[in-house]
Amino acid sequence: MQIHRRDFVKLSAATTAAAVASGSALSARPKTESKDDIRWAKSVCRFCGTGCGVQLGVSGRHLVALRGDPEHPTTKGLVCAKALFLPKIIQAPERLRYPRIRSRGKLVRATWDEAMELTAERFASAIREHGPNSVAYYGSGQALSEESYLANRLFKGGIGTNNVEGNPRLCMASAVGGYVSTYGKDEPMGCYDDIEHAKTFFLIGSNTAECHPVIFDQIMARRRVGDRANVIVVDPRRSPVGTISDIYLQPIPGFDLALLHGMAQVIIAERKYDEAFVKKNVQFKAVVDGTPKKVGFDGYREFMQDFTPEKAAKICGVPAQDIVRAARMFVQGPTMSFWTMGLNQRITGVWANNLVHNLHLLTGQIGKPGATPFSLTGQPNACGGVRDTGSLCHILPYGRVVKKAEHREQIEKLWGCKPGTIQAKPGLHTIEMFRALGRDEVQAMLVLTTNPGHSLPNATVHREAMGKPRKNKPFMCVIDAYPTRTTELADVLLPAAVWAEKAGVFGMSERRYQYQPDVIDPPGESRSDFDFLLDFAGRLEGKGVVPAGFISAKFKNADDVWEEMCEASRDTAYDFTGMTRERLKQERGLRWPTPTEDHPGTARRFVKGEDPLLDSGPYANPDLKPGELEFYAAPDKRATVWLRPIKPPAEPPDEDFPFVLSTGRVLEHWHTGTMTRAAPELRRAQPEAYVEIHPDDAQGLGVNNGDMVRIVSRRGEAKMRAKVIPMPRPGMVFVPFHWEDDDSLINRVTLDAYDPGSKQPEFKICAVRLAKA
Amino acid sequence: MTDGLNNAITRREILPLAGLVAGLGLGSGLRWWRRGQSALAPGQGVVLRPPGARSESAFLAACTRCAQCIEVCPDNCLLPVDLGSGLLAAATPHLIPRQTPCHLCRGEEQLLCIAACPTDALAPVAEHRALTMGTALIDQATCLAHLGTICRACWHACPLIDEAIVLDERGRPTIVEEACIGCGLCDHACLVEPSAITMLPFGRRTAEVGRAREVERG
């Protein structure tokens with residue numbers, strides 16, 4: 001890879017020095033010895049789904065520094081500023097240290113045994129009195145894969161409820177829906193290597209510059225080499241991605257589907273589609289009266305008559321000539337698309353995903369180096385840890401679904417359950433789970449390494465569900481490493497060990513499982529989620545609500561669980577039976593499928609010569625030539641171009657609430673900010689919430705830059721300073737959601753309407769009014 | 001480092017005051033006096049004056065030390081220069097952006113310190129863009145972005161984003177000297193310790209300072 005590697009030696013030395021300095025600036029920590037005393041261990045960054053390889057500088061049992069891992073195959077030593085502060089963040093004084101139990105309204109210190117016994121008893125009594133569906137698990141794309149797998153096993157196979165959810169529902173459920181409905185198979189089929197081969201990048205609904213900075217840096221590098229890459233950006237807000245764009249399109253929030261159709265229409269009208277590819281690999285479908293129906297290319301072409309650039313322009317608010325320009329640039333492949341929450345967090349999330357795939361399928365921009373539709377993941381372990389381990393209410397490990405008897409039987413056999421233990425009906429998905437909690441139908445909930453009291457949309461309602469004192473109030477057990485807006489609502493609060501304090505596997509966006517070692521001790525009495533789950537399972541077994549030995553007789557540590565996970569993946573499209581624990585400890589991650597111990601991992605799925613599933617097993621096809629592509633998991637082995645109608649957002653702006661509110665992120669903080677706000681430097685750089693308002697709108701409102709502004713929706717309000725800047729399109733305001741005080745808690749304002757397919761809420765669009773505070 | 005710089009810059013300003021200096025004695029007394037003259041805050045580098053301040057000598061002559069600007073500052077970013085910095089500058093307003101940068105009075109129609117100033121020590125400006133408090137200088141040897149870690153904290157903090165701080169083709173921040181007004185928000189936001197950004201009072205050539213730093217580093 002020619003990509004920069006900015007004078008690497010100098011870089012890593014200096015970065016290390018900076019990191020060491022910041023690490024040793026910690027209070028109460030002995031001054032770090034010389035740099036020679038530092039031992040370096042390879043690991044993975046704790047933040048986003050990019051999965052940057054890092055090296056941890058350890059002195060004794062102290063983490064004193066972090067640097068990018070120059071030997072990492074895809075991120076090659078690059079990290080963003082957040083990562084450098086991880087040593088300080090993980091050793092911050094804010095960390096929770098002791099278990100606590102709520103007593104007379106206050107969380108008071110307790111022993112682990114007391115807290116665990118209370119938790120187990122409350123779960124057991126709920127199960128006995130109200131059945132298994134009266135308990136629920138709400139997990140995280142930040143737990144280790146082994147932890148999510150174990151929790152899923154305990155709840156679905158042990159307790160016998162499918163009420164297993166997690167924050168990936170808020171994050172990538174629509175991307176899953178898009179991949180599954182288009183290709184019959186979840187996950188990006190391409191990989192990060194494609195970045196260096198791509199000629200055109202299509203970034204839609206992704207502030208890559210701040211949310212996946214290392215990916216952005218690699219795209220930027222593709223603009224410095226001889227064959228300079230094109231960048232098309234679609235986002236109603238002009239985010240920092242704009243600094244490298246050739247075309248920047250700002251559609252009306254919620255109407256980008258018309259833009260995507262418009263581009264496809266141009267591609268067809270100008271005969272720039274790949275006819276041979278389409279003929280061989282693609283089918284066209286529309287949903288008619290609730291059932292998918294094949295309509296053929298002619299049916300699609302006819303449907304597209306409603307989306308000529310002129311007609312599309314009227315719907316999406318982007319000039320027709322810009323739609324044409326974008327379409328013409330898109331076909332200059334190899335073309336790689338990236339997207340995240342801008343598409344996913346919508347009631348039309350799955351459809352929007354489908355329409356991006358449509359562009360790739362029409363043009364054949366898929367399965368070749370540099371040509372792929374790639375959904376970026378927001379969390380370090382949502383893809384490999386939650387999606388793939390089946391830790392959501394409707395799925396089972398490695399591509400199985402609860403609805404299929406055959407899949408349930410396979411998993412029941414593997415787990416050693418009595419046949420019929422796993423329910424055939426999906427459990428409650430996230431929003432409905434918290435609504436059921438509010439109705440006291442869910443009587444006990446476990447929240448693990450996530451912060452729904454801050455991150456759920458329409459937060460006031462769901463916060464009351466979790467914490468409002470009432471008769472028969474459901475029991476909340478929360479395990480986390482930092483105080484959050486959720487830990488304050490707990491009945492039992494347990495201190496969690498995180499990241500470098502525990503060993504296990506993260507699986508990031510590009511299907512890569514990476515092992516991270518435990519190099520330091522957790523503070524106080526903190527324990528890993530894994531140890532908590534083992535203890536919890538043992539107690540539930542003791543109380544007779546989980547079959548004796550179901551967990552306790554099988555697993556002693558994360559390695560045991562990994563072994564069963566490998567087994568669960570056998571003969572599925574995920575097959576990573578070749579990823580032994582030893583191998584993972586050696587390698588800098590491996591991309592699944594990796595069916596044998598000598599298999600190097602799979603860069604591109606569906607491609608003969610790269611994807612081992614085309615060579616042997618149920619999907620094998622010996623007739624394909626190397627480089628040829630087959631969508632083996634899809635019906636008729638053809639991917640689907642979907643004819644999706646335009647559907648307005650759940651709450652479009654109106655007279656009373658004339659602005660669209662969209663939320664997002666900044667580079668210096670991560671999600672609910674509980675980690676990044678523990679670094680004083682990051683806190684100083686981004687100290688408080690703000691609302692971006694377009695200058696035209698600000699003028700109309702009489703708001704000056706820096707004024708305090710109230711943001712009011714039908715559900716709640718927030719108050720923060722205005723940043724008058726031409727970043728959001730007029731009529732739209734933007735708020736980063738990292739800050740937790742009551743005024744800044746923008747999720748009190750957002751909407752919890754969700755996509756009927758993916759059940760992912762529409763964080764990105766709701767109607768608000770603004771007033772000077 | 002800063003001592004040498006300031007001596008060089010203020011030498012000519014010292015001359016008219018030579019008589020007074022003689023009266024105060026030599027040696028440490030002189031040093032103390034000159035420190036005030038050059039507006040050097042101990043450990044803080046060169047002093048930055050409030051928005052609208054005139055040239056250092058004119059400002060010192062016009063400022064009555066009434067502290068009204070200090071009192072009205074909504075973000076409490078203006079501080080009186082302490083006595084330890086010398087008699088002449090003592091009690092005049094300055095700001096230390098690393099601690100509290102100038103937020104340009106956030107939503108206010110006009111800058112309150114300028115409005116409060118009873119003399120013309122702080123003179124009104126047509127718009128924020130015309131302010132000349134100082135100029136930011138990025139030290140590429142310690143700036144994370146220039147070292148290869150992805151960071152845009154200063155760029156994000158800049159009230160004149162993409163005007164006073166621009167990102168180069170590698171995403172690294174660069175100061176546009178003509179556009180920088182010297183508010184110090186970038187210095188405040190900088191993630192490294194000490195800040196990779198130095199705020200230079202307006203009129204000091206950044207190139208000059210950059211060279212001096214090179215020399216000091218050897």
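Laboratory data are not the source of any read-out in this text; all were calculated from the coordinates shown. All values reported here derive from a predicted model rather than from experimental measurement. Using ideal geometry, Cβ is built from the backbone for each residue, glycine included, and neighbour counts are taken over all protein chains shown.
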What does the structure give for B:187-193 when I average, per residue, the other chain Cβ atoms found within 10 Å of the residue Cβ? 5
Considering every residue in B:140-148, what mean count of other chain Cβ atoms within 10 Å of its Cβ is obtained? 5
Shape metrics for the stretch A:659-772, restricted to C-alpha atoms - Rg then Dmax, Å: 14.0, 42
In order through the stretch A:320-337: 3J(HN,Hα) via Karplus (6.51 cos²θ - 1.76 cosθ + 1.60), integer Hz, x for Gly, Pro: 4, 5, 6, 5, 5, 4, 5, 5, 5, 6, 4, 6, 7, x, x, 10, 10, 9
By counting other Cβ atoms within 10 Å of each Cβ, how are A:697, A:636, A:755 ranked from fewest to most? A:636, A:697, A:755
What average count of beta carbons from other chains do you get within 10 Å of the Cβ of residues in A:67-78? 1
Sorted by Cβ neighbour density within 10 Å, fewest at the top, the residues A:758, A:569, A:616: A:616, A:569, A:758
Within-15-Å neighbourhood charge of residue A:647 [Cβ basis; K, R +1; D, E -1]: -2
Report, ordered by chain and residue number, the aspartates and glutamates lying within cross-link reach of residue A:294, taken as a straight Cα distance under 16 Å and ignoring same-chain residues fewer than 8 apart. A:302, A:636
When only DSSP loop residues count, what trypsin sites (Lys or Arg not before Pro) in the stretch A:532-567 have their Cβ near at most 16 other Cβ atoms within 10 Å? A:543, A:554, A:556
When the scattering of the stretch A:575-710 is computed by the Debye formula from its Cα atoms alone, each counted once and equally, what is log10 I(q)/I(0) at q = 0.13, 0.20, 0.22 Å⁻¹? -0.85, -1.14, -1.25
What is the Cα radius of gyration of the stretch A:198-295 over 2.2 N^0.38 Å, N being its residue count? 1.33
Antiparallel DSSP beta bridges within the protein assembly as shown, as percent of all bridges there, nearest 5: 55 percent
I want to make sure I understand the PRE zone here: with the label point 7 angstrom from the Cα of residue B:106 toward its beta carbon, which residues in the stretch A:666-683 have backbone N atoms less than 20 Å away? A:683
How do the peptides A:100-106, A:363-369 rank, highest first, by the average count of neighbouring beta carbon atoms within 10 Å per residue? A:363-369, A:100-106
Going Cα to Cα from residue A:311, which lysines come in below 17 Å? Please leave out same-chain ones fewer than 8 positions away. A:647
Are there GluC sites (Glu not before Pro) in the stretch B:120-195 that DSSP marks as loop and that have at most 11 other Cβ atoms within 10 Å, and which are they? B:127, B:169, B:178
Could you tally the net charge around residue A:676, taking each other residue with its Cβ under 11 Å from the Cβ of residue A:676, Lys/Arg +1 and Asp/Glu -1? +4
Can you return the lysines within cross-link range of residue A:772? Criterion is Cα-Cα under 16 Å, with same-chain partners fewer than 8 residues away left out. A:719, A:723
What helix-only [θ] at 222 nm does chain A give? Using -39500 (n - 2.57) per DSSP H run of at least 4, over all residues, to the nearest 500, the answer is -8000 deg cm²/dmol
Give me the compactness ratio for the stretch A:398-454, meaning the Cα radius of gyration over 2.2 N^0.38 Å. 1.41
Alpha-carbon centroid distance for the pair the stretch B:75-127 / the stretch A:621-676, whole angstrom: 50 Å
Set A:314/A:764; A:185/A:625; A:156/A:413; A:403/A:608; A:403/A:585; A:368/A:625, cut-off 25 Å on Cα-Cα distance; pairs above it are A:403/A:608; A:403/A:585
Once amide hydrogens are built 1.01 Å from N within the peptide plane, the residues lying 5 or more places from residue B:94 or on another chain with amide H under 5 Å from its amide H are B:79, B:81
What is the distance in Å between the Cα centres of the stretch A:201-228 and the stretch A:138-199? 24 Å
Using only alpha carbons, build the gyration tensor for the stretch A:291-433 and give me the equivalent ellipsoid semi-axes, biggest first, whole Å. 38, 18, 16
Least to most buried among A:217, A:518, A:529, by other C-beta atoms within 10 Å and fewest first, runs A:518, A:217, A:529
Spherically averaged projected area in nm², based on the convex hull that wraps the Cα atoms of the stretch A:514-579: 6.2 nm²
So what's the gap between the Cα centers of the stretch A:556-620 and the stretch B:178-196, to the nearest angstrom? 48 Å
Shape of the protein assembly as shown from its Cα gyration tensor (a ≥ b ≥ c, root eigenvalues): rounded if a/c is under 1.5, otherwise prolate when a/b > b/c, or oblate? prolate
Assigning unit charges at the beta carbon (Lys, Arg +1; Asp, Glu -1) and nothing else, what dipole magnitude in debye, to the nearest 20, does the protein assembly as shown show about its Cα centre? 240 debye
